[in-house]
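Chemist: One structure, pasted below without further comment.
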Amino acid sequence: MSRLNIGMISFAHAHAFDYLASLLHMSEVTVSGIADEVPERTQALAERHSIPYYANYKELLEDVNIDAVIICSENVYHAELTIASARAGKHVLCEKPLGLSVEEMERMISVCSEEGVQLMTAFPCRFLTPVVRAKESLDRGDIGEIIAFKGTNRGSFPGPRWFSDEALSGGGAVLDHTVHVMDLMNWFSGSSVEQVYAYADTLFDSERKRTIDDAGMVHVTFENGVFGVLDPSWSRNPGFPTWGDVTLEIIGTKGVISIDAFNQKNNVYGRASGKGNWSFWGDDMNELMLKAFVQALIEGVEVPISGIDGLRSTEVALTAYQSAHAGQPVRLIK
C-alpha cells in the first residue's frame with residue numbers, strides 16, 4: 001500500500017477540524033469521505049475540498065475504497081462507531097478517551113482484532129519533542145530508576161456543550177484530562193496502575209452553569225511501586241494565554257526530568273487582544289500523530305499507540321470517579 005484513503009466520522013470534537021487540516025496536506029493520504037450528523041457543521045467544508053459528505057456514518061462505511069477512519073464523536077459513541085468501522089474492515093484512529101467502560105473498550109479491542117484491523121488511540125502528546133527526548137533519556141537510564149511522577153493537564157472548558165453533558169461525555173475534566181498524562185506515566189513506567197485515590201469537584205464555573213466536574217487530583221500507585229499525582233482540571237480562565245498545559249516531572253534515583261510539553265512558544269503581547277498570548281513555533285503534535293498512524297498502516301506494521309494503551313489510561317480515569325465518590329482508594333480489578 002502506497003496511499004491511504006481515510007474517512008472521518010463526526011466532527012463533534014474540535015480536534016477533527018485540526019486533523020482534517022493536517023490530512024489535506026499529506027501527499028500519501030486522500031480524505032475520501034466525511035460523515036457528520038450535523039450538516040451545518042461540515043457539509044460546506046466537505047464541498048469546499050471536494051470530499052464526499054454523508055449525514056449517516058453507515059453510508060461512509062459502505063465505501064469499499066476507504067482503508068481507515070478517524071472518529072471524533074461524543075465520547076459515548078466511540079464504541080459503537082469503532083465496532084461498526086471494524087466490522088466494515090476499516091482501521092480506526094479513535095479520539096480519547098477510548099470508551100466509557102472497561103467492558104466496552106475491551107469489546108472495541110476484541111472486535112478490531114477479530115476483523116484484522118488496527119485500533120489506535122489519539123494520544124498526540126507522545127510525539128512532542130520534549131516527551132520523545134524524555135523517553136530516550138529514561139531508556140538510557142540517565143536518572144536511574146523512576147520513583148515518582150508529578151503531572152498536570154490544566155485547560156479551559158472545551159467549546160462543545162456536550163462536554164458538560166455526562167450522558168454524552170461520560171465525565172468532566174477528570175476523564176477528559178487524566179488520560180493524556182496518564183498515558184505518558186504508563187509509557188514511561190512500563191508498569192500498570194494498581195491503585196487510584198482521587199478527588200473530583202466543580203470549582204471553576206463561576207456562573208454555576210455546569211454540574212460536571214472541572215477539578216480533580218488523581219493519585220496512583222503502580223504495580224512496580226512507582227507512584228504519581230496528577231492535576232487534571234479545566235482551571236484555566238479566558239485570560240490564560242492558551243487552552244492549557246501538559247507538564248510532567250519524573251523523579252528518579254539519580255535525577256529528575258521536567259517536561260513542559262508545550263514550551264516551544266513565543267510570548268506575544270498584543271494591543272488588539274489586550275493580553276499576552278503564546279505563539280507556538282514547534283511541533284504540530286496532531287500532524288505527527290496522524291503521520292505515525294498513516295505510516296504504520298502503509299508499511300503494514302503495528303500502530304504506535306494501541307487500543308490497550310487507551311484502555312489502560314481511561315480505566316484509571318474511570319476508577320478515579322469511583323474513588324472520589326467513595327472517598328477512599330480503589331484498587332483496579334485485574
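The values are calculated or read from the model by the stated rules, or taken from the named source; none is laboratory data. Please read these numbers as outputs of a predicted model, since none were measured by experiment. Ideal geometry is used to build each Cβ from the backbone, glycine not excepted, and the neighbour counts take in all protein chains shown. In case anyone asks, the SASA skips ligands and DNA or RNA and just uses the protein heavy atoms, side chains included. Shrake-Rupley method; radii C 1.70, N 1.55, O 1.52, S 1.80 Å.
Chemist: Return the pair list, or none, for Cβ contacts closer than 8 Å from residues in the stretch 117-128 that are closer than 14 Å to Ile83 by Cα and open to solvent by 10 Å² or more (accessible area, probe 1.4 Å) to residues that are part of a helix (DSSP H, G or I) and acidic (Asp, Glu), at least 6 apart or on different chains.
Modeler: Qualifying pairs under 8 Å: none.
Every residue, every condition in (1) touching a residue at least 40 places away in the same chain (Cβ under 8 Å); (2) of a type in the set (Asp, Glu); (3) farther than 22 Å from Ser110 by Cβ, yes or no:
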{"residue": "Phe17", "(1), (2), (3)": "no, no, yes"}
{"residue": "Val29", "(1), (2), (3)": "yes, no, yes"}
{"residue": "Ile34", "(1), (2), (3)": "no, no, yes"}
{"residue": "Val38", "(1), (2), (3)": "no, no, yes"}
{"residue": "Lys58", "(1), (2), (3)": "no, no, no"}
{"residue": "Val76", "(1), (2), (3)": "yes, no, no"}
{"residue": "Arg87", "(1), (2), (3)": "no, no, no"}
{"residue": "Pro97", "(1), (2), (3)": "yes, no, no"}
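Chemist: If you don't mind, there's one more thing I want to ask. Condition check: in a loop (DSSP other than H, G, I, E, B), crowded, with 21+ Cβ neighbours inside 10 Å and touching a Ser or Thr at 6+ places or on another chain (Cβ under 9 Å). Does Ala16 satisfy that?
Modeler: Working: in a loop (DSSP other than H, G, I, E, B): no; crowded, with 21+ Cβ neighbours inside 10 Å: yes; touching a Ser or Thr at 6+ places or on another chain (Cβ under 9 Å): yes.
Against the criterion (in a loop (DSSP other than H, G, I, E, B), crowded, with 21+ Cβ neighbours inside 10 Å and touching a Ser or Thr at 6+ places or on another chain (Cβ under 9 Å)), Ala16 does not qualify.
Chemist: Arg41 fails exactly one of the following numbered conditions: (1) over 21 Å from Arg161 (Cβ atoms); (2) open to solvent by 20 Å² or more (accessible area, probe 1.4 Å). What is the number of that condition?
Modeler: Going through the list (1) over 21 Å from Arg161 (Cβ atoms); (2) open to solvent by 20 Å² or more (accessible area, probe 1.4 Å), Arg41 breaks only (1).
Chemist: Now, a different point. Condition first: in contact with a helix residue (DSSP H, G or I) (Cβ under 8 Å, 6 or more places away or on another chain), surrounded by 17 or more Cβ atoms within 10 Å (Cβ to Cβ), assigned to a strand (DSSP E or B) and of a type outside the set (Gly, Ala, Ser). Now tell me which residues in the stretch 183-237 satisfy that.
Modeler: Answer for the stretch 183-237, where residues must be in contact with a helix residue (DSSP H, G or I) (Cβ under 8 Å, 6 or more places away or on another chain), surrounded by 17 or more Cβ atoms within 10 Å (Cβ to Cβ), assigned to a strand (DSSP E or B) and of a type outside the set (Gly, Ala, Ser): Val193, Val196, Tyr197, Val218, Val220, Phe222, Leu230, Pro232.
Chemist: Moving on. Taking the stretch 71-113, which residues are under 27 Å from Ala320 (Cβ atoms) and in a strand (DSSP E or B)?
Modeler: Step one: list which residues in the stretch 71-113 are under 27 Å from Ala320 (Cβ atoms), which gives 71-83, 92-112.
Selection gives Ile71, Val92, Leu93, Cys94.
Chemist: For the stretch 272-279, state whether one or more residues are touching a residue at least 40 places away in the same chain (Cβ under 8 Å) and assigned to a strand (DSSP E or B). Lay out the reasoning, then the answer.
Modeler: Start the filter on the stretch 272-279 by keeping residues that are touching a residue at least 40 places away in the same chain (Cβ under 8 Å), which leaves none.
No, the stretch 272-279 contains no residue that is touching a residue at least 40 places away in the same chain (Cβ under 8 Å) and assigned to a strand (DSSP E or B).
Chemist: I need the full set of residues from the stretch 280-296 which are touching a Leu at 6+ places or on another chain (Cβ under 6 Å) and either open to solvent by less than 20 Å² (accessible area, probe 1.4 Å) or free of Cβ contacts under 8 Å to residues at least 40 places away in the same chain (or both), in order please. Before you say what the answer is, go through the steps one by one.
Modeler: First, the residues of the stretch 280-296 that are touching a Leu at 6+ places or on another chain (Cβ under 6 Å): 283, 285, 293-294.
Of everything in the stretch 280-296, those that are touching a Leu at 6+ places or on another chain (Cβ under 6 Å) and either open to solvent by less than 20 Å² (accessible area, probe 1.4 Å) or free of Cβ contacts under 8 Å to residues at least 40 places away in the same chain (or both) turn out to be Phe293, Val294.
Chemist: So for the stretch 292-303 (the condition being under 19 Å from the mean Cα position of the chain (by Cα), modelled with pLDDT under 95, within 25 Å of Met120 (Cα to Cα) and among the aromatic types (Phe, Trp, Tyr)), does at least one residue qualify?
Modeler: Scanning the stretch 292-303, I find no residue that is under 19 Å from the mean Cα position of the chain (by Cα), modelled with pLDDT under 95, within 25 Å of Met120 (Cα to Cα) and among the aromatic types (Phe, Trp, Tyr), so the answer is no.
Chemist: Restricting attention to the stretch 132-151, which residues are buried (at least 21 other Cβ atoms within 10 Å of the Cβ) and out of contact with any Phe, Trp or Tyr (no Cβ under 7 Å at 6 or more places or on another chain)? Outline the logic, then answer.
Modeler: Kept after step one, since they are buried (at least 21 other Cβ atoms within 10 Å of the Cβ), are these residues of the stretch 132-151: 134, 146, 149, 151.
Across the stretch 132-151, the qualifying residues are Ala134, Phe149, Gly151.
Chemist: Please determine, by comparing only the residues of the stretch 60-82 that are of a type in the set (A, V, I, L, M, F, W, C) and open to solvent by 40 Å² or more (accessible area, probe 1.4 Å), which one is farthest from Ser113 (Cα to Cα).
Modeler: Restricting attention to the stretch 60-82, the residues satisfying the condition of being of a type in the set (A, V, I, L, M, F, W, C) are 60-61, 64, 66, 68-72, 76, 79, 81.
Still in the running and open to solvent by 40 Å² or more (accessible area, probe 1.4 Å): 64, 76.
Details: Val64: 19, Val76: 21 Å.
Going through the qualifying residues, I end up with Val76.
Chemist: Among (1) within 28 Å of Val193 (Cα to Cα); (2) surrounded by 12 or more Cβ atoms within 10 Å (Cβ to Cβ); (3) β-branched (Val, Ile, Thr), where does Thr253 come up short?
Modeler: (2)
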